[in-house]
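A.B. asks: Provided herewith is a single structure, encoded as structure tokens, for subsequent inquiry.
The values are calculated or read from the model by the stated rules, or taken from the named source; none is laboratory data. Because the structure is predicted, anything quoted here is derived from the model rather than measured. Positions of Cβ are generated from backbone atoms using ideal geometry, with glycine treated the same way; all protein chains shown enter the neighbour counts.
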Amino acid sequence: MGIFTKYFLPNEYVESIYHIRPEHLKSKGIKAIITDLDNTLVGWDVKDPTDDVRNWFERMKENDITVTIVSNNGQKRVESFSKTLNIDFIFKARKPRGKAFRQASHLMNVQKSEVVVIGDQMLTDVFGGNRNGLYTIMVVPVKKTDGLITKFNRLIERRLLNRFKRKGLINWEE
């Protein structure tokens, strides 16, 4: 396995969080989710959780799966979104650095093997999760528009995805 594959290839790739079922996670021994916020749960410009997002969080809770939002965004954005769901959060996480991933795992009182990282970015969510020995699921971004840094990241992601496709490591479409 090459370095790009080891660090940037997610364990799974799904269309949205709604394709991630608690039963599937539990069958893998997953007890906790570290999820990104912007363009993973809702569009970056959507202030509050949608009813569908609320229902997804409720299904996870009913199945004893703890969720923590870990975002590179600022406190005001992450806190207001997370508090309406009554869940823990970490803002200005500086993903892909490992501190926030370790902090979230500690908050949820779980081992690495019991955690999944869900996000829409290969260079922050997947790289950070893989680097820290966590299971990773990448989702298609909720919105097609991004901030400047994320636009740059998406260019690199496209190159990595094309590389993985050429090597037969993935069979999904963007």
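A.B. asks: Which of the residues belonging to segment 23-59 are at pLDDT 95 or above, among the acidic types (D, E) and surrounded by 18 or more Cβ atoms within 10 Å (Cβ to Cβ)?
C.D. replies: Hit for segment 23-59 is D36, nothing else.
A.B. asks: One residue is enough: does segment 35-46 have a residue meeting the conditions over 17 Å from the mean Cα position of the chain (by Cα) and among the aromatic types (F, W, Y)?
C.D. replies: no
A.B. asks: Which count do you get for residues in segment 46-79 that are of a type in the set (V, I, T) and assigned to a helix (DSSP H, G or I)?
C.D. replies: The qualifying residues number 2.
A.B. asks: Do you know which of the residues in segment 127-174 that are touching a Phe, Trp or Tyr at 6+ places or on another chain (Cβ under 6 Å) and of a type in the set (A, V, I, L, M) is modelled with the highest pLDDT?
C.D. replies: Among those that are touching a Phe, Trp or Tyr at 6+ places or on another chain (Cβ under 6 Å) and of a type in the set (A, V, I, L, M), it is M138.
A.B. asks: Name, by its number, the condition in (1) in contact (Cβ under 8 Å) with a residue 40 or more places away in the chain; (2) surrounded by fewer than 20 Cβ atoms within 10 Å (Cβ to Cβ) that does not hold for V115.
C.D. replies: All conditions are met except number (2).
A.B. asks: Condition first: in a loop (DSSP other than H, G, I, E, B), among the hydrophobic types (A, V, I, L, M, F, W, C) and either buried (at least 21 other Cβ atoms within 10 Å of the Cβ) or in contact with a Phe, Trp or Tyr (Cβ under 8 Å, 6 or more places away or on another chain) (or both). Can you find one or more residues in segment 80-99 that meet it?
C.D. replies: So far as segment 80-99 goes, yes, one or more of its residues are in a loop (DSSP other than H, G, I, E, B), among the hydrophobic types (A, V, I, L, M, F, W, C) and either buried (at least 21 other Cβ atoms within 10 Å of the Cβ) or in contact with a Phe, Trp or Tyr (Cβ under 8 Å, 6 or more places away or on another chain) (or both).
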